[in-house]
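Input: a single structure, listed below in structure tokens.
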Amino acid sequence: MINHESKQKYTALRDIIADKAKKIFSFHNWKFSEPKKSEVFWALKDVNFDVHQGDRIGIIGRNGAGKSTLLKILSRITESTEGTIKLKGRIASLLEVGTGFHPELTGRENIYLNGAILGMTRTEINKHFDAIVDFAEVEKFLDTPVKRYSSGMYVRLAFAVAAHLEPEILIIDEVLAVGDAAFQKKCIGKMEDVSKNDGRTILFVSHNMGIVSTLCNSAILLNKGKIDFIGNTNETIEKYLRAAEVQKSYYAETSVKDFFISQVEVLNNDNIPTNNFKSSECIKLKIKIRKNITDSIVRLSVTIQNTNGDFINTFVENMEDYFSKNDSSKEFLITYPPNLLTPNHFSFRFALFTQNGHVFDLVEMICPIIVVDHGSKMAIYEGINYGYFNANQKFIEL
Amino acid sequence: MTNKFNSNKKWDLILESGKIENNYFKDLWLYRELFYILSWRDLKVRYKQTILGATWSIIRPVLTTIIFTIVFSKIAKLQNPGNAPYILMVFAGMLPWQFFSNALSESSGSLIGNSNLITKVYFPRLIVPASSVITSFVDFLISFFILIMMMIIFNFLPNWQIIFLPLFVLMVFLLAFGAGLYLTALNVKYRDFRYIIPFIIQFGLYITPVGFSSNIINEKWKLVYELNPMVGVINGFRWCILGDEISTSSILISLIITAFILIFGFRYFRKMEKTFADNI
């Protein structure tokens with residue numbers, strides 16, 4: 001923060017969410033059939049910060065910390081109940097690629113439509129038209145309705161339009177969750193290029209600490225609607241990860257999401273909640289999933305992560321097989337066999353998503369656990385990070 | 001770039017809670033391009049994958065006019081007190097009515113139909129219902145050519161009053177827009193409103209002089225009847241196009257009610273606008 005203020009004479013742009021940017025959010029939504037229960041809840045409170053021109057700020061925090069609300073207020077989608085925001089320069093938000101794409105319209109028409117929605121003028125779109133088509137690699141299909149596009153082409157075109165926006169301030173929310181790895185890399189490259197070379201200011205919300213640390217030069221850690229920490233990216237990420245370790249179980253009672261992870265608990269052999277495991281014990285996850293819609297076309301992915309958030313193992317279950325139309329919640333027990341993980345620190349990631357990439361809910365780095373050695377041959381190496389899983393390999397003398 | 005940003009005390013935009021209203025009309029102007037493109041999209045999408053395309057906007061009013069002429073003139077034996085052929089009188093009423101009912105049903109569902117935009121990007125939400133009224137207006141213009149053709153076929157020349165027609169077109173435009181604003185905002189809040197709209201339109205057709213002339217209404221009921229703002233509009237259309245006698249009271253009442261609906265609809269829409277993204 002002091003850092004930022006010392007730079008003040010170069011201030012190009014500054015968002016001040018002065019004093020108590022607050023937001024009322026009442027939970028009695030018409031969707032719920034529960035008796036009227038109104039609850040005042042500040043999604044954001046006392047959030048104050050400055051952003052200077054060319055800053056690339058990552059906004060991190062656990063689900064429900066107020067990240068998305070902050071972006072929504074900054075991008076003017078919702079209005080804050082209290083507080084002020086001052087902006088210099090044009091602001092554009094990229095909350096989801098392909099916003100406003102119409103399936104019946106052709107690629108060419110959608111470029112103009114999407115461009116206009118993102119705030120480009122016709123002349124600007126004309127200027128960048130060839131570059132957009134080039135980036136998206138869709139020349140041959142420009143006059144085909146986008147409903148006939150493959151999902152890869154669709155995402156490429158959508159990102160290409162967004163990447164050629166020229167606002168002074170760009171707000172990005174988890175857009176990189178789509179596309180294949182190669183395209184994601186291309187997108188990150190483009191974003192780095194945009195911010196580093198053009199002096200564009202970027203506000204970036206993500207659960208992916210890897211992308212945050214490559215892309216951003218500073219970060220804000222939000223917790224329960226308040227700023228926990230502002231500082232350089234690595235320091236903030238560290239704080240975020242450390243904060244995650246004190247949390248034993250995950251719990252979200254209500255949500256407006258169609259599908260959401262309501263509860264997660266880590267249990268040992270004897271079904272007792274804990275986060276310390278012997279390597280010879282099995283690890284059980286008790287998870288509760290709730291839904292607010294009748295539909296149940298959704299998949300659950302469960303991932304074991306290391307402390308950096310890297311994926312160690314993932315499996316996916318199709319929830320359609322378990323949910324009937326009227327079920328509003330279900331509980332599942334996931335058991336990992338003993339001697340699977342090596343002594344190390346792990347956490348879990350859960351995502352509810354559809355095949356075409358829509359994410360209903362995503363929680364990451366939750367329920368951290370510590371696995372300790374229980375007299376294996378590797379015991380003497382405990383304390384050294386020698387890996388994450390046991391391969392149970394055979395070793396024979398020939 | 002440095003020069004451009006050095007005057008750092010000058011903000012381009014200050015968002016203060018409760019005072020965002022101040023920018024509204026400026027924003028409407030800034031976002032005019034989005035308004036054009038959304039109207040264009042609605043028009044384009046509407047007639048994609050239809051065999052007859054834009055001819056639908058001709059077929060519907062023409063067929064309804066023929067049916068109405070047969071039912072009211074031949075079966076019910078109603079007379080047209082003016083001197084135009086009955087079918088022309090029906091069509092002169094059908095034009096504003098079709099425009100009104102299309103605009104109302106399109107605009108009332110417009111916010112819900114564009115919910116993906118509303119939850120993802122900022123723009124003055126007024127653009128959405130406005131562009132759907134424009135789409136219906138294009139249909140209206142197409143059907144207007146049919147009217148001109150019919151007048152040529154029947155060899156019917158309009159009088160000098162025709163110069164006032166744009167005023168009545170504006171009136172029905174504002175009426176549909178005002179009512180559309182109100183209904184689309186309600187639709188976001190209470191989803192069952194979409195069931196009411198077809199009912200309003202169907203009900204409206206019975207109490208609006210589309211298939212018959214206002215002159216056959218009993219004096220006793222005239223005032224109540226004229227409370228329907230479409231009565232004044234249709235009377236006005238017939239006065240301009242066909243030279244029918246005009247009841248000034250109906251025009252006046254209609255003007256007042258239109259103004260009321262427009263102001264009320266606009267204010268309600270503006271009041272609800274902040275919560276659209278949360279409720280939709």
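The values are calculated or read from the model by the stated rules, or taken from the named source; none is laboratory data. As the structure is a prediction and not an experimental result, all values here were calculated from the model. Note: ideal-geometry Cβ built from the backbone for every residue, glycine included; neighbour counts use all protein chains shown. The accessibility values were calculated without ligands, DNA or RNA, using every heavy atom of the protein model including side chains. Shrake-Rupley method; radii C 1.70, N 1.55, O 1.52, S 1.80 Å.
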Report summary line: Beyond 26 Å (Cα-Cα) in this structure, taken from A:224/B:274; A:325/B:120; A:288/B:189; A:147/B:120; A:72/B:10, we find A:325/B:120; A:288/B:189
Report task. Principal axes first, then extents: for the Cα atoms of the range A:259-339, list largest minus smallest coordinate on each axis, whole Å, largest first. Result -> 41, 28, 18
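Please calculate how many Å² of accessible area the range B:181-241 carries per residue, with a 1.4 Å probe and no DNA, RNA or ligand atoms counted.
Values: 2960 Å² over 61 residues.
On a per-residue basis, the range B:181-241 sits at 48 Å².
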Query raised in the report: Hey, if you drop one equal point scatterer on each alpha-carbon of the range B:97-227 and run the Debye formula without solvent, what base-10 log of I(q)/I(0) do you get at q = 0.10 Å⁻¹?
Result: -0.43
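With the convex hull built on the Cα atoms of the protein assembly as shown, state its orientation-averaged projected area in nm². Intermediate results must be reported in sequence, preceding the final value.
Values: hull surface 157.7 nm².
Its Cα hull, projected and averaged over all orientations, spans 39.4 nm².
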Query raised in the report: Taking Cα centroids, how far is the range A:246-323 from the range A:105-120 in Å?
Result: 39
Report summary line: Rounded to a whole %, the carbon-and-sulfur portion of the accessible area of chain B at a 1.4 Å probe is 68
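Whole number in Å², please: accessible area per residue of the range A:250-381, 1.4 Å probe, ligands, DNA and RNA not counted. All intermediate terms of the calculation are to be shown ahead of the outcome.
Values: 6220 Å² over 132 residues.
Heavy-atom accessible area per residue stands at 47 Å².
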Report task. Take every Cα pair under 8 Å in the range A:250-381 that's 6+ residues apart, average their separations, divide by the length, and report that relative contact order as a whole percent. Result -> 29
**Report entry** Shielding by partners - mean other protein chain Cβ count within 10 Å, residues of A:44-54
**Finding:** 1
Query - the range A:250-381, accessible surface, carbon-and-sulfur percent (1.4 angstrom probe) - result: 48
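Under the Kirkwood approximation for Rh and a Cα-based Rg, what ratio Rg/Rh is obtained for the range A:284-331?
My calculation puts Rg/Rh at 1.06.
Counting heavy atoms of the protein chains only and a 1.4 Å probe, report the per residue accessible area for the range A:56-243 as a whole number of Å².
Working: 6900 Å² over 188 residues.
I get 37 Å² per residue for the range A:56-243.
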Report summary line: In the range B:76-120, the residues losing 50 Å² or more of accessible area (1.4 Å probe, heavy atoms of protein chains only) relative to their chain alone are B:120
Query - Centre separation in Å (Cα based) which lies between the range B:22-85 and the range A:331-360 - result: 55
Query - 10 Å Cβ neighbours from other chains, averaged over peptide A:74-84 - result: 6
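Compute the relative contact order of the range B:56-279 as a whole-number percentage, counting only Cα pairs closer than 8 Å that sit 6 or more residues apart in sequence. Write down the numbers at each step before the final one.
Details: 288 pairs, mean separation 67.1, N = 224.
Relative contact order of the range B:56-279: 30 percent.
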Query raised in the report: Can you list the residues of the range B:247-280 whose accessible area drops by at least 20 Å² going from the chain on its own to the full set of protein chains, with a 1.4 Å probe?
Result: B:274, B:277, B:278, B:279
Report summary line: Cα-based Rg and Dmax for the range B:56-279, in Å, come out at 18.1, 57
Query raised in the report: Ranked highest first by the average count of other Cβ atoms within 10 Å around their residues, in what order do A:131-141, A:386-396 fall?
Result: A:131-141, A:386-396
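Which value, in debye to the nearest 20, describes the size of the charge dipole of the range B:56-279 about its Cα centre when Lys and Arg Cβ atoms bear +1, Asp and Glu Cβ atoms bear -1, and nothing else is charged?
Working: 15 positive and 9 negative charges, 99 e Å.
The calculation lands at about 480 debye.
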Requested in this report: Treat the range A:56-243 as a sphere of radius equal to its Kirkwood radius over Cα pairs and apply Stokes-Einstein at 20 °C in a medium of 1.002 mPa s; give the translational diffusion coefficient in µm²/s, rounded to a whole number.
Outcome: 124
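State the percentage of accessible surface on the range A:56-243 attributable to carbon and sulfur atoms; use a 1.4 Å probe and exclude ligands, DNA and RNA.
Details: 3310 of 6900 Å².
Of all accessible area on the range A:56-243, carbon and sulfur atoms account for 48 percent.
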Query raised in the report: For the pair residue A:270 and residue B:227, how long in nm is the line joining their label points, each one 7 Å along Cα→Cβ?
Result: 7.8
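Tell me the total accessible area that A and B bury against each other, 1.4 angstrom probe, in square angstrom rounded to 100. Intermediate results must be reported in sequence, preceding the final value.
On the way: alone 20820 and 15990 Å², together 32740 Å².
Looking at A and B, the buried total is near 4100 Å².
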Report summary line: Per the range B:46-123, sqrt(5λ) over the Cα gyration tensor eigenvalues, sorted largest first, in Å, gives 36, 15, 9
Query raised in the report: Suppose R0 equals 35 Å; then what is the FRET efficiency for residue B:54 and residue A:182 from their Cβ-Cβ distance, rounded to the nearest 0.05?
Result: 0.20
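If you take all C-alpha pairs in the range B:124-182, what percent of them are over 17 Å apart?
Values: 877 of 1711 pairs.
The share of Cα pairs beyond 17 Å in the range B:124-182 comes to 51 percent.
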